[in-house]
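Working notes, beginning with the structure itself.
The values are calculated or read from the model by the stated rules, or taken from the named source; none is laboratory data. In this text, all values refer to a predicted model and were calculated from it rather than measured experimentally. In this analysis, Cβ positions are derived from the backbone assuming ideal geometry, glycine residues included, and neighbour counts consider all displayed protein chains.
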Amino acid sequence: MRIFYTITDSPIGKLLVAATERGLCAVKFVHSRAAGEAALRREYPSAEIARDDRRLRDGVTALKDYLEGRDFARALSLDLRATAFQRRVWEALRKIPYGETRSYREIAQAIGRPTAVRAVARACATNPIALLIPCHRVVRSDGGLGGYSSGIARKRKLLEHEQRRSPKSGKRA
């Protein structure tokens, strides 16, 4: 397997964007290029990994548009390894409107598994493509932020960023 990646700056921090020949397989916030490449090597130990900024240009453009609150109408190919349960959770997450949140319990109910709240949280934690599957929009039932693989501070920053650019806020700058 070959994986191509790039690192790009965003208003929220450095983003690693990676893809196989079939589609995007990783979108993660990273501290540096070296940390991003090391994470890819840990996750895909037998893959050939190479940087290729040009190949990932469309994905990077789509993510930057997304962060600016523009319509995310691009159909990006994805290459995700997931259980059926994870796929159901991730599809429910993709239905949460930009700038809004849902609780882990609401997601569990939406997929017809109202007692699977912890499993929903685990599916969020294993999400390989941050932003495209917006797990940062899932919060605790009491309104607390809960967890986030890139840290609570980044989750808070992402939610604030989206709320400022949400169509409902009236601000799109």
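Key figures
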read-out: Positions within segment 8-40 being touching a residue at least 40 places away in the same chain (Cβ under 8 Å) and among the aliphatic types (A, V, I, L, M), in sequence order; value: Ile12, Leu15, Val17, Ala19, Leu24, Ala26, Val27
read-out: Gln109 in contact (Cβ under 8 Å) with a residue 40 or more places away in the chain and over 13 Å from the mean Cα position of the chain (by Cα); value: no
read-out: So Thr101, is it farther than 22 Å from Pro11 by Cβ, modelled with pLDDT of 90 or more and not small (Gly, Ala, Ser); value: no
read-out: Failed criterion for Leu40 (all others in (1) modelled with pLDDT under 90; (2) closer than 22 Å to Ile7 by Cβ hold); value: (1)
read-out: Segment 30-61, subset of a type in the set (Gly, Ala, Ser) and in contact with a Leu (Cβ under 6 Å, 6 or more places away or on another chain), residue nearest to Lys95 (Cα to Cα); value: Gly59
read-out: Filter result for Leu80 (over 16 Å from Leu63 (Cα atoms), touching a Pro at 6+ places or on another chain (Cβ under 6 Å) and at pLDDT 85 or above); value: no
read-out: Matching residues in segment 79-104 - criterion: being over 14 Å from the mean Cα position of the chain (by Cα), in a helix (DSSP H, G or I), buried (at least 18 other Cβ atoms within 10 Å of the Cβ) and not aromatic (Phe, Trp, Tyr); value: Arg88
read-out: Condition met for Arg113 (crowded, with 17+ Cβ neighbours inside 10 Å, among the basic types (Lys, Arg), at pLDDT 95 or above and over 17 Å from Leu15 (Cα atoms)); value: no
read-out: Residues being within 28 Å of Arg165 (Cβ to Cβ) and not in a helix (DSSP H, G or I) - total across segment 105-126; value: 2
read-out: Any hit, segment 109-120, residues being among the basic types (Lys, Arg) and touching a strand residue (DSSP E or B) at 6+ places or on another chain (Cβ under 6 Å); value: no
read-out: Failed item in (1) without any contact (Cβ under 8 Å) to a residue 60 or more places away in the chain; (2) of a type outside the set (Val, Ile, Thr); (3) in contact with a helix residue (DSSP H, G or I) (Cβ under 9 Å, 6 or more places away or on another chain), with Ala84 passing the rest; value: (3)
read-out: For Tyr66: the one exception among (1) among the hydroxyl-bearing types (Ser, Thr, Tyr); (2) outside any helix (DSSP H, G or I); (3) under 15 Å from Glu162 (Cβ atoms); value: (2)
read-out: Unique match (being out of contact with any strand residue (DSSP E or B) (no Cβ under 9 Å at 6 or more places or on another chain) and surrounded by fewer than 17 Cβ atoms within 10 Å (Cβ to Cβ)) among Asp65, Asp52, Asp9; value: Asp65
